[in-house]
Amino acid sequence: MIAMNTPAPSHSSPLIRACQVVKVYPAGGRPVQALKGVSLDVYPGEFVAIQGRSGAGKTTLVNLLTGVDHLTEGEIWVDGAALHRFNENQLAFWRGRNVGVIFQSFYLMPTLSILDNVVLPIDLCGDYHPRRSRERALELLRQVGLEEHAHKLPSQISGGQQQRVAIARALANDPPLIIADEPTGRLDSVNAENIFQIFQSLVEGGKTVLMVTHDEGLASRASRRLILSDGEIIADDAAHRLKSEAAGKTEG
Amino acid sequence: MMRPRVRKILADLWGNRLRSLLVIASITVGLFAIGVIATLHQVMTEDLRLGYAAANPPNIRIVAAPFDQGMVDHLRKVEGVRQAEGLRGFDARLESEPGEWIGIEFKAVPQDEVRQIAQVRLVKGKWPPGDREVVIEQYKFADIHAQLGEWITIELPSGERRPLKVVGVVSDQTVGAFASGPGFFLAPVQGYINQETVEWLQQDLPYTYNMLYLTVDGDANNEEHLWEVANRVRDELERAGGAVINIAVRGSYDHPNRRYLEALAIVLVLLGFLIVFLSGFLITNTMQAIIQQQMQQIGILKTLGSRRYQIILLYMGLILIFGAVAALAAAPLAYQVAFQRVVPLAQTINMAYRGPRFLPGVILLQVGMGLLAPQLAALAPILQGSRISVREALSGIRESQQARRSWFDRMILRLRGFSRPTLISIRNTFRRKGRLILTLVTLSLGGAIFIATFNVQVSMDRYVDMVSRYFLADVNLTLTRPERTLEIIQMLSDLPGVAYIEAWGTARSEMILPDGSTGENVQLLAPPANSRLVDPVLIEGRWVKPGDQNAIVLNERFMSDFPYLRVGDTLRLRLNGKETDWVIVGYFQLAGRSSGLLAYTSRESLLRVLNQPDKAMTYRIVAEGEDLSKEEQEALGRAIEARMAARGIRVLDVTTGSYLSNSAAQGFAALTGFLLFLASLTALVGSIGLTGAMSLNVMERTREIGVLRAIGATNRILMRLVLTEGMLIGFLSWIIATLAAIPISKLLSDSISLALFGNPSTLAYTPTGFLLWLGAVLILSALASILPARNATRLTIREVLAYE
Amino acid sequence: MSNSFTPQNAPLNGPSEKTSLRQPLVEMRQIYKTFKSAAGEFIALRNINACFYRGEFVSVVGKSGSGKSTLVNMITGIDRPTSGSVYVDGVCIQELGESAMSAWRGRNLGIVFQFYQLLPMLSLIENVMLPMDLCERFPPAEREARARALLRLVGLEDYADQLPAEVSGGQQQSAAIARALANDPPILIADEPTGNLDSRTAEAVFNIFLGLREQGKTIIMVTHDRSLAQRAGRMLEIADGVLISDSLNGEAPHPSSREAGAV
């Protein structure tokens, strides 16, 4: 449904490579180890669902992958960029161009119109050209079915619609990677399904999607499932990945 | 299409109107105060100087034995003289109310009735006066109790009475201009008449002058040059048979009240400086709260790829708009208020106010400050806010804030004996220490200035009281010629109500400068050495003692004009044409540096020097009973006058003590009124700061209010909680303000005193300012906390606790 | 009398509804909740009818956005139904004003939040004493001893004087439970109390609830952790604002359920 000009998934090199990632939070006198040495490869074109109970470390993991937080130990490479070596500013610029981030609580700018919300990332770190970016934003809004709401404020549309705007915003700079933290967490089942389908079509269009979710049903429909528990990956159902690797080998 | 980030700034501005208003108000009020101060400063400095110069004031005044127009025309040719005019001046009395007589100083305008020197400005009525008409100077016009077109009765030194019709009111810039006079505020009512009227009044020596006004060519502000010309004129006058009584010089821009204005200007600049600081803190405080509120949005922007400089620019842009709007609002408001304020002040200090006008410098200052100062003040919060990590920003938890207990925290944690809700208030107060300190600094500074102005005011009032110690007598009696002292005292002592009488000597002398040339006039007052009727304020040295030979005490004017004169030095004076030496034993302080040169000696010394018999013209009389009212003093005066008339003694003047000290204090009243105005200005800045800070504080407590609600807090408890916190901050700031007010009072008071008297002040404290500010700060804190707290209690808990 | 509270759609109503003629502690009658926004109406709860009895430990499960938090908000009075009524211990709570509600809630309900919501400027023991101060329950002299006893109950007696930021999330939640018990309310309501805790800590917190049920408290707990939910005596399931199941769990049957079985 949503056609993007991202190159087809490469079978050889991972888009994300996390090595022995450790994250410690200082909490009072006793530091808490939120991630205890997580290693992970994600290949282009994968649709990865990340599951786990509250407090298992899901959000910490995606915060590190999006560069929102700094790791304590280990390395994270995304598309050749060594995130663990970036400072806050470099991370911001890199993130703006290479990752679309989607939150459970949408986090739209409350004082900006829907359209301006979508143009914002282009303004901040894309090749901002007033007319072209406006056209692109309108096109993205059309793709998520919200073109007619372009001039409303976020508070004037429903939660499901707000999340669709957030997706359009995440796609504004056409990043290869989409990372979503419980994107359906605050939505009813109909809206949740709707959002999930948009993700599916993004994957079909060549994007790589990582999605944290509590919803068993949705998770089972992703191409790969990771289950985190107490800071460790305890299950990695990589059937699809193995399949595609195998395909890659035969091709090679 | 507008860039979304620009649109975000505008939307933020508009979306939270109350908050934007609060910030704009805090900047506006600072700019407004600065605008008012700068306008007043510029207008007063300019108008006083230029207004004086525009009147073409005399640079030299020569008092001489009567001379005629021919002499004036002759002297006009002396080298260096540009213009010369002869005047006739004399003192008389006028009846202000039936039986009430006050002094009036007449000046007769020249024969051709065209005055070039010391031009007056017509305020109302007509100018010049015709025959048997008088025009009055505006400053003391109210004292004559007569309107235009009414007749006043004049009593001449001869005792004769003549009616004059009041036909006009003028403003004369040169009142009090010459050092021999008692200065502007002590000057009597000024009346202007024509030569015909002089003749009719005095009936002697028609068409002669006793005073010469001169303007000079060349540098009219160089005193040496002025004296050079003055001495040439004197020589010429004496060569032509004239007799010079005294000479005084003054620069063309040197308004008699320049010193008062300098004092005012210093206060203005000082307060302006303090207010800039105050506003700066205010803006820092407000911006810090705003950045705090915007934390999540900063987090989102960063997630979307915004770099730090972009966020910094974004908020600097927002502040630029705040500042621009504030400047736009402040400039016309300051214009309005400042020019409104100038009018009464101009009248008090006899300034030729040239009307409201556009002052580009002031506008530029306000716009410049409006655009720049908020940026500087907001820099720290913005830099700090833009530095926060995305995760911290989104979760609202600052890691740096966690789990660090200072000794202060531990102390606060150990507080016992309060209920938990009170503990919440107390600890909330100290939780954000940075914010608390900023709020306290802002509030305390505002409060301290407010309190200080009251202290300064009361110090000046107290000084006014001290001035009255030079006028301890209830009635001052001046006769037309010296009479035998014992005779007069005997005449008065059996008058009912009279308790005590002193005979005072007075003399006008000229200073002989070290190079032998003649200097300015010095007024000599000579009470008995053991006088009970003067209680001086000494700056240095001592007062005259019985047994002193030729001892003299000088006023503050000598200190500023002749700084080389020290206690113990000898001062040479020319008295009745005879040069005598006097020993300076001390300096005293009276009506400020703008009054004339005044010296006290003992009557005994004066009589000896003049080699006169025991006669006196001036008598000071004290009534039985203490602290007579003005009316009682006036009644006694009338009784004395009646007794003198009955015995055939001619009276020149009867003045009450309160009238004299009131006149002397008039100038201070102008200053204190002005101080109060400035106090209210700073109080305004402080109040807006307080309201803003409190409101923002409570806005941040919304979630806690929700939690308290959820565990059983009623409206009453919530209100009490917020109120306690607000008033605790208010009270703390009051304590600090109280302490800070002491040095600030001293600073203000000293700068005024230095400008007026040339030496530091004796500072007095009044509880008024302290108490007023306590009341204001508590009421304001309560109001500023209640309003947002009411909003918070109206929210349902669901709204408050909704996590994001 | 209880018949009048019987919901129309019988199958969706759990066994406890039929249990006895005893007065239910909490009754929800035909609750609808609609959120209005500029985007239009959103129906969060549709015709909810439920009764909770003294001594029950009820879990409410459902996906995110299903309406389970809204449902408990109706009982705590944190939010008000659009239509229908909620009676708690005979009080029709939506008739109370915001301030009176607050006072009532302080005495009758203990609330535990997902994010603890301890007041950061008060130490743990002060947090626990706070509700007693607010509602003037227990004489002032007894409050500290009582708070200390409650902290001992949740295993925090050694941390009484720490600030919330100085202890772990699990400990904060335990303190929050102690605070919820401060005024000895008959009902404890917890909205995702383990939502922010790791599994070991969550287990510890859950055990505190089990212990409290033993002492006769009525507990209503919202969770999306099904394995925890199944260990409560009774489980309500909600989806898109509709109550879709109400079942007794085998483990830990409680008095009213037993009676229900007997009928």
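The values are calculated or read from the model by the stated rules, or taken from the named source; none is laboratory data. In this text, all values refer to a predicted model and were calculated from it rather than measured experimentally. Cβ placement follows ideal geometry from the backbone for every residue including glycine, while neighbour counts extend to all protein chains displayed. Ligands, DNA and RNA are excluded from the accessible area calculation, which covers all protein heavy atoms including side chains. Shrake-Rupley method; radii C 1.70, N 1.55, O 1.52, S 1.80 Å.
Within the stretch B:411-444, track down each residue that is over 44 Å from the mean Cα position of the chain (by Cα), loosely packed, with under 14 Cβ neighbours inside 10 Å and closer than 24 Å to B:LEU708 by Cα. Residues satisfying the conditions are B:ARG414, B:LEU415, B:ARG416, B:GLY417. When B:GLY673, B:GLY657, B:GLY692 are screened for being on the phi < 0 side of the Ramachandran plot, in contact with a Phe, Trp or Tyr (Cβ under 9 Å, 6 or more places away or on another chain) and either open to solvent by 40 Å² or more (accessible area, probe 1.4 Å) or of a type outside the set (D, E, K, R) (or both), only B:GLY657 passes. Between A:ALA150, A:ALA180, the distinction of being of a type in the set (Gly, Ala, Ser), modelled with pLDDT of 90 or more and under 17 Å from C:SER64 (Cβ atoms) belongs to A:ALA180 only. Checked against (1) facing another protein chain (nearest Cβ under 8 Å); (2) under 30 Å from C:THR201 (Cα atoms), C:ALA103 meets all criteria but (2). Annotation: C:ASP89 fulfils all but one of (1) more than 22 Å from C:PHE209 (Cα to Cα); (2) in contact with a helix residue (DSSP H, G or I) (Cβ under 8 Å, 6 or more places away or on another chain); (3) of a type outside the set (Lys, Arg); (4) open to solvent by 20 Å² or more (accessible area, probe 1.4 Å); the unmet one is (1). Just to be sure, is B:GLU804 at pLDDT 80 or above and of a type in the set (Asp, Glu)? When the stated conditions are applied, B:GLU804 does not pass them. Any chance you could count how many residues in the stretch A:95-146 are part of a helix (DSSP H, G or I), of a type outside the set (D, E, K, R) and at the interface with chain B (Cβ under 8 Å from one of its Cβ atoms)? Of the residues in that region, 8 qualify. Does any residue of the stretch B:349-360 turn out to be assigned to a helix (DSSP H, G or I) and touching a residue at least 40 places away in the same chain (Cβ under 8 Å)? No, the conditions are met nowhere in the stretch B:349-360. The set of residues from the stretch A:44-58 being at pLDDT 85 or above, within 26 Å of C:GLN114 (Cα to Cα) and either more than 10 Å from chain C (Cβ to nearest Cβ) or surrounded by fewer than 23 Cβ atoms within 10 Å (Cβ to Cβ) (or both) comprises A:ALA49, A:ILE50, A:GLN51, A:LYS58. Residues that are away from chain A (no Cβ under 14 Å) and closer than 29 Å to B:ILE424 by Cβ number at least 2 in the following strands (runs of 3 or more DSSP E) confined to the stretch C:158-249: C:187-191, C:218-222.
Within the option set B:ARG387, B:ARG341, B:ARG404, being farther than 30 Å from A:TYR25 by Cβ, among the charged types (D, E, K, R) and modelled with pLDDT under 90 holds for one residue only, B:ARG341.
Residues in the stretch B:497-517 that are at pLDDT below 85 and open to solvent by 20 Å² or more (accessible area, probe 1.4 Å): 8 in all. Number of residues in the stretch A:12-43 that are modelled with pLDDT under 85 and out of contact with any helix residue (DSSP H, G or I) (no Cβ under 9 Å at 6 or more places or on another chain): the value is 2.
Among residues of the stretch B:712-723 that are over 14 Å from B:ALA782 (Cα atoms), those with a Cβ under 8 angstrom from a residue that is at pLDDT 80 or above and open to solvent by 40 Å² or more (accessible area, probe 1.4 Å), sequence gap 6+ or separate chain, pair up as B:GLY712/C:ARG107; B:THR714/C:ALA100.
Of note, B:LEU565 does not satisfy the criterion of being closer than 30 Å to B:ALA230 by Cα and assigned to a strand (DSSP E or B). For B:THR197, state whether it is outside the structural domain of B:LEU575 (by TED's automatic domain parsing), out of contact with any Gly (no Cβ under 8 Å at 6 or more places or on another chain) and open to solvent by less than 10 Å² (accessible area, probe 1.4 Å). It is true that B:THR197 is outside the structural domain of B:LEU575 (by TED's automatic domain parsing), out of contact with any Gly (no Cβ under 8 Å at 6 or more places or on another chain) and open to solvent by less than 10 Å² (accessible area, probe 1.4 Å). Cβ-Cβ contacts under 6 Å between residues 6 or more apart (or on different chains), taken from a first residue in the stretch B:69-82 that is on the phi < 0 side of the Ramachandran plot to a second residue that is open to solvent by less than 90 Å² (accessible area, probe 1.4 Å) and hydroxyl-bearing (Ser, Thr, Tyr), are listed as B:ARG82/B:THR215.
Selection within the stretch A:183-197: residues that are more than 9 Å from every other protein chain (Cβ to nearest Cβ) and open to solvent by 10 Å² or more (accessible area, probe 1.4 Å). The member of this set that is modelled with the highest pLDDT is A:GLN197.
Under the condition of being within 11 Å of chain C (Cβ to nearest Cβ) and part of a loop (DSSP other than H, G, I, E, B), which residue from the stretch A:198-227 is surrounded by the fewest Cβ atoms within 10 Å (Cβ to Cβ)? Per the stated criteria, the residue is A:HIS214. Note on the stretch B:711-743: residues that are touching a Gly at 6+ places or on another chain (Cβ under 7 Å) and surrounded by fewer than 21 Cβ atoms within 10 Å (Cβ to Cβ) total 0.
Looking across the stretch A:142-155, the residues that are hydrophobic (A, V, I, L, M, F, W, C) and over 14 Å from B:PRO4 (Cβ atoms) come down to A:VAL144, A:LEU146. Candidates B:ALA616, B:ALA645, B:ALA623: the one that is touching a strand residue (DSSP E or B) at 6+ places or on another chain (Cβ under 8 Å), over 30 Å from B:ARG341 (Cβ atoms) and open to solvent by 40 Å² or more (accessible area, probe 1.4 Å) is B:ALA645. Candidates in the stretch B:56-115 are the residues that are within 28 Å of B:LYS630 (Cβ to Cβ) and not in a strand (DSSP E or B); of these, the one that is most open to solvent (accessible area, probe 1.4 Å) is B:PRO98. Scoring C:GLN117 on the criteria (1) assigned to a helix (DSSP H, G or I); (2) within 7 Å of chain B (Cβ to nearest Cβ); (3) open to solvent by 10 Å² or more (accessible area, probe 1.4 Å) leaves a single failure, condition (1). Do you know which of the residues in the stretch B:695-740 that are closer than 25 Å to C:THR76 by Cα and polar (S, T, N, Q) is modelled with the lowest pLDDT? Out of the qualifying residues, it is B:THR702. Could you list all residues from the stretch A:147-193 that are over 19 Å from A:LEU218 (Cα atoms), small (Gly, Ala, Ser) and in a loop (DSSP other than H, G, I, E, B)? Result: A:ALA150, A:SER158, A:ALA172.
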